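Have a look at the structure below before the remarks.
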Amino acid sequence: MPAGTFTMGDSSGDENPGDGETPRHEVTLDAFEIDATTVTTADFARFVQDTGYRTEAETFGFSAVFHLAVAADPADIMGQADATPWWFGVQGADWAHPGGPRSDVDGLADHPVTHVSWNDAQAYCDWAGRRLPTEAEWEYAARGGLDGAKYPWGDAEVDEGGWRANIWQGVFPRDNTLEDGWLTTAPVRTFEPNGYGLWQPVGNVWEWCQDWFHPGYYRSSPGDNPSGPGAGTGRILRGGSYLCHISYCNRYRSSARSSNTPDSSMGNAGFRTVAARS
Ligand SMILES: [Ca+2]
Ligand SMILES: [Ca+2]
Ligand SMILES: [Cu+2]
């Protein structure tokens with residue numbers, strides 16, 4: 001990514017109220033390198049093999065699995081979240097068992113690693129000599145040079161001329177028609193990369209960023225290399241996932257924002273890494 005200036009924030013009018021996607025503002029960034037894809041299960045396996053690292057999902061003994069992806073005995077299914085009953089807490093679900101104890105990552109070497117918390121992503125970055133992108137770096141890279149566009153490929157809708165991202169088709173959260181080919185994760189090099197060569201910045205899996213989340217941040221954020229509020233309760237997630245649907249979440253847009261606590265893990269979030277360019 002060359003050093004440059006772009007306009008950060010929503011310009012489509014599709015902002016989710018409360019997410020703080022506006023005001024739009026100019027941001028100037030130093031040059032950096034960013035992964036073309038999210039970190040894969042094969043990448044993460046090398047890290048674990050090298051370090052013996054145990055993820056927070058493994059330490060806590062459970063992680064959040066989408067109901068149609070659960071592969072566990074009934075005794076391992078802990079229950080649903082009240083507001084989001086399509087999420088089950090599943091004992092034994094982790095990056096190597098994304099559906100639960102009855103699943104594994106055979107055949108998923110080129111899929112994004114999931115069930116990794118923000119803290120787990122930090123540990124991976126420390127090992128790899130890299131770091132998470134700031135939210136501004138992520139959006140600059142995701143836009144692929146198309147300032148003001150709704151999506152990384154421009155303003156065409158996500159299904160125009162064939163599906164351009166892995167989201168949800170059908171009636172969420174029950175009936176997925178699989179028009180894009182994928183119920184959960186797709187291989188990291190699926191669809192077409194954006195103008196900067198990034199694959200699937202939107203859709204497939206949410207991507208952790210370095211920053212704390214605050215919905216009011218854009219009202220006072222610095223113009224040069226912003227790195228987020230100084231404190232918070234949730235870390236930024238960007239790009240939406242295979243569970244996004246226009247009727248429900250609509251966060252598979254370049255400017256869309258979400259967050260979760262840094263020790264949370266789930267089956268639809270991963271990360272990509274960056275490094276300063278020397
Ligand atoms: Ca899909
Ligand atoms: Ca993504
Ligand atoms: Cu979504």
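Couple of notes before you dig in:
- Taking each residue as 0.36 nm, the span from H25 to Y53 lengthens on full extension beyond its C-alpha to C-alpha distance by 6.1 nm.
- Computed [θ] at 222 nm, helices only, for the chain once each DSSP H run of length n ≥ 4 contributes -39500 (n - 2.57): -3500 deg cm²/dmol
- Accessible area of the chain belonging to carbon and sulfur atoms, whole % at 1.4 Å probe: 49 percent
- Two-site label geometry, Y248 and A42: point separation in nm, points 7 Å out along Cα→Cβ: 3.1 nm
- Between T7 and D73, the contour length at 0.36 nm per residue exceeds the alpha carbon distance by 18.9 nm.
- Taking all protein chains into account, the per residue accessible area for the range 134-278 stands at 38 Å² (1.4 Å probe).
- Applying the criteria of a DSSP loop state and at most 12 other Cβ atoms within 10 Å to the GluC sites (Glu not before Pro) of the range 115-199 yields E157, E160.
- On Cα atoms only, tilt of 118-128 relative to the major axis of the chain in degrees: 80 degrees
- Taking all protein chains as shown and a probe of 1.4 angstrom, C209 keeps an accessible surface of around 0 Å².
- Other residues within the sphere of radius under 14 Å centred on the Cβ of C249, judged by their own Cβ, net out at 0 (K and R +1, D and E -1).
The values are calculated or read from the model by the stated rules, or taken from the named source; none is laboratory data. Predicted model, so just to flag it, every value in this text is computed and none were measured. All Cβ positions, glycine included, derive from the backbone under ideal geometry; neighbour counts span all protein chains shown. These area figures cover heavy atoms from the full protein model, side chains too; ligands, DNA and RNA do not enter into them. Shrake-Rupley method; radii C 1.70, N 1.55, O 1.52, S 1.80 Å.
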